[in-house]
1. Restricted to segment 68-116, and to residues that are over 27 Å from G210 (Cα atoms) and small (G, A, S), which residue is farthest from the chain's Cα centre (by Cα)?
2. Starting from residues that are surrounded by 10 or more Cβ atoms within 10 Å (Cβ to Cβ) and of a type outside the set (A, V, I, L, M), keep the ones in segment 51-64 and report whichever is nearest to R34 (Cα to Cα).
3. So how many residues does segment 129-165 have that are farther than 21 Å from L207 by Cα and of a type outside the set (K, R)?
4. Hey, can you tell me all the residues within segment 187-204 that are outside any loop (DSSP other than H, G, I, E, B) and acidic (D, E)?
5. Among what's in segment 205-241 and is assigned to a helix (DSSP H, G or I) and of a type in the set (G, A, S), pick the residue that is surrounded by the most Cβ atoms within 10 Å (Cβ to Cβ).
6. In segment 256-268, which residues are surrounded by fewer than 20 Cβ atoms within 10 Å (Cβ to Cβ) and closer than 15 Å to I169 by Cβ?
7. Tell me, please, whether a residue that is within 14 Å of the chain's Cα centre (by Cα), assigned to a loop (DSSP other than H, G, I, E, B), of a type outside the set (K, R) and closer than 29 Å to A83 by Cα can be found in segment 136-156.
Amino acid sequence: MSVGLALNEADVCALLDGLELGDTRWREIVTIARHDAESGGDARASASRLAVSDEDKAWLVGLENPPKPEWEVEQEKEQEKRAAERVATWMRHRADFKTHINALRDGIYGSVLGPAKAYLKLFRDMGDEFSDGPARIEEWLGAEIGDAALHGFEAFLTREPPQPTATDIATSYAENRHWEAGYIIVVALAERLRTGRGVDDLPDERLMAGNFETRHSRIAEHAGLSGLESALADVLIKRDKWEEAQRLFFEPQLEFRLQYVDGLYEFLHATDYAQLADKFAAEWLKPRNVGSGGGSPDRPSAVERRGKCGPARSFVGSDVAPNFYPA
């Protein structure tokens, strides 16, 4: 008897070998063992001498390739149906993006936002854990449109005047709001690092905007863009802009008297920034004239609440943010 009093295949063979011809219990015993193309062969061999009739022999042979259970058949049908629907939907998306490919290449917000989200793994129905951002976009939209999207990210990043600015992004956190355009900035910066172009030619403000978004949303970590946040920080430190960046990131949240200031605990306890943290703490603990804690009435309409995306939807051809629904 096997461990735990559960019969293994050797036990089943022993029981079958002890039966006399004509003992009808053999079918019940042989099914105790697991049967498929790789398992149960010894048990079936032991039972073969007891399978006298053609019906018994056919039944025994059938154990090697048992029919799929009904639930598995239905599950496969549903998966095939969903896959076909996804292909049809993606073909419509490709046709739509193709029509507006110039807007995509020019970095128009409403055209590049969706591909940016695909790059960042915010669509659950494309790519796998090994796919990088460009591969996910290409799977969804094809090579030509994917290439246009990569150009569009860069165009959005370097557009003058920038929108949103690093100040816009930092202020939105204090207001508990989120610029989804920050995703595009992060993707454009990630592409620069992936392709070896670097970020040295970009102004401080663009680096701050990307650093703020990666810190606040943790989107780079989610997308597997390891090193992006630290790379941006390193450049800002090298340019002697790190203190300015930290003030811009934290002070709007302090002005709004937020109960939780994003990232403040980690910053104040980081040994790398101990001297700067002490300086800030001394300043920020002084009495301050602060706002009421309400949002500014003149925030632009493009600011949107943060939300996780579901499957990709069609939204190209305008500079208006698409509707995305909870996953």
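1. Residue satisfying both the conditions and the ranking: A95.
2. Ranking the qualifying residues of segment 51-64, first place goes to E64.
3. Final tally of qualifying residues: 18.
4. E191, D204
5. Step by step, filter segment 205-241, then rank; the result is A209.
6. Listed by number, the residues that qualify are D262, G263.
7. no
Residue-wise test of (1) at pLDDT below 90; (2) assigned to a loop (DSSP other than H, G, I, E, B).
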| site | (1), (2) |
| --- | --- |
| E243 | no, no |
| L248 | no, no |
| P252 | no, no |
| F280 | yes, no |
| N289 | yes, yes |
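The values are calculated or read from the model by the stated rules, or taken from the named source; none is laboratory data. Worth saying up front: this structure is predicted, and the values here are computed from it rather than measured. When we count neighbours, we look across all protein chains shown, and the Cβ atoms used for this are built from the backbone with ideal geometry, even at glycine.
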